[in-house]
1. Is it fair to say S147 is within 16 Å of the ligand (Cβ to nearest atom) and of a type in the set (G, A, S)?
2. Give just the number: which of (1) modelled with pLDDT under 95; (2) surrounded by fewer than 23 Cβ atoms within 10 Å (Cβ to Cβ) does H247 not satisfy?
3. So which residues in the range 287-318 are within 30 Å of A214 (Cα to Cα) and either within 21 Å of the chain's Cα centre (by Cα) or at pLDDT below 95 (or both)?
4. Before we move on, is G169 within 21 Å of V240 (Cα to Cα) and more than 14 Å from the ligand (Cβ to nearest atom)?
5. For the subset of the range 185-227 comprising residues that are assigned to a helix (DSSP H, G or I) and of a type in the set (G, A, S), which member is farthest from the ligand (Cβ to nearest atom)?
6. Among the residues of the range 107-136, which ones are farther than 20 Å from W37 by Cβ and touching a strand residue (DSSP E or B) at 6+ places or on another chain (Cβ under 9 Å)?
7. Inspect the range 176-184 for any residue being among the polar types (S, T, N, Q), within 16 Å of the ligand (Cβ to nearest atom) and assigned to a helix (DSSP H, G or I) and give the result as yes or no.
8. Can you pull out every residue in the range 36-92 that is under 26 Å from L341 (Cα atoms) and away from the ligand (no atom under 16 Å from the Cβ)?
Amino acid sequence: MTNDVPVFAPAMSPQEGARAATALFREVFEAEPDGVWYAPGRVNIIGEHTDYNGGLALPIALPHRAHLALRRRDDRIVRLVSPQTREKVDVMDLDTIGPKGTPGEVAHWAAYIAGVAWALERDGFENLPGFDAALVSCVPLGGGLSSSAALECSAAVAIDEVAGLGLAGTPEEPNDAGRARLVTNCVRTENEMAGAPTGGMDQSASLRCREGHALELDCRDGSVAHVPFDLAAEGLALLVIDTKAKHSLDDGQYGARRAACERAAQILGVELLADISAEELPDALERLAASATGQGTADAEELVKRTRHVVTEIDRTRKLVELLQDGRPLRGEKLAAAGELMDASHESLRVDYECTCPELDMAVEAARAAGAHGARMTGGGFGGSAIALVDGDAVHDVAAAVAGAYEREGFNPPAFLDAVPAAPAGRLV
Ligand code: GLA
């Protein structure tokens, strides 16, 4: 084991976040913002690659947030700055911005913010005001923790308030139907303005989670339930391992998985793969294996594997939710059963969905070997982060074991986060 102390990425406190975003706003725009809004990143406990299949997911909001100091303008101009782009303010016009691949395409992270205004206008909120905004985020970028959804959702709650749309309410008294509508607009932003064909799990987590709870999200109808998830009270913790392996949702791999699921659903004659129950799975897999898709047996086998992951993952998610809600303490057999569901989820993502990578596999293996009760990749995969359910007093030992394994393998050093279920997007000051 290495003697190096593993690096934990701390969340900024709300005060620090508000102060930093306000200071940057003042420095660049030489004015006072109307307020500072924030939105959290997330980790998903289980239910991966189920959202665009109409299945279940179980994310929590992280204390790591994007903070947006914003001031409404009287025209239709949007100006954006972040510490990384301090030298060059992004300037755009709401009258001329448009989806990726069109002449109005917006570059880089600005698409996630200005794009939300674009989407809301297409949803009927016409003629929104422009704004100046300064962004300071402590959600690790590209770490698979929804750093982009955090940008969209911080813009959504800020625009909602300065334009008087009345959709968000507050984190304490949320307007859940209004937030669900904001989710739809943030997903549209991600899909069309940023060109990443993602589902809605990340944005739902950022806007609809509750502090101390996991969000049981049914992506078929958008309904949610709040599942108590106070690990610290059970003497447990959720360690996030940011593998630092490159992760991208618009490089074709994610889209290829989604397209395969759609093809499988079409062959099976269902709208979404969530329509296939665990009992119906063997029969569905036989039909897929026998399907003449015009692309040969390799394609049929791909569809079999992807479908098996999705249907079994939805089943595992349902089982974990039932376990967490049975009122018994998370110990002994129950803890072992929860860990097994997480382990099985990772195995299915590795073997059937083929969206893990050596760094993710090593993170979960090393965490388990160091005593984690269960571990799995979280988010889209192909890099990004893994999570491990560990004893509260073992967090640092497990992190050190993972860091040591990475060092021996010659991987870049990972970073770590302690995932405590935090509040959804709202206003800070
Ligand atoms: C990414 C996407 C989500 C979801 C997950 C996989 O995080 O943004 O919509 O599909 O991958 O569960």
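The values are calculated or read from the model by the stated rules, or taken from the named source; none is laboratory data. The structure presented is a predicted model; accordingly, all values stated were derived computationally and were not measured. Here the Cβ is made from the backbone with ideal geometry for all residues, glycine too, and neighbour counts use every protein chain on show.
1. yes
2. Every condition holds for H247 apart from (2).
3. Scanning the range 287-318 gives R306, H309, V310, V311, T312, E313, I314, D315, R316, T317, R318.
4. No: the conditions fail for G169.
5. Checking each candidate, the answer is S206.
6. A107, H108
7. Checked against the condition, which is being among the polar types (S, T, N, Q), within 16 Å of the ligand (Cβ to nearest atom) and assigned to a helix (DSSP H, G or I), the range 176-184 yields at least one hit.
8. Matches in the range 36-92: P63 only.
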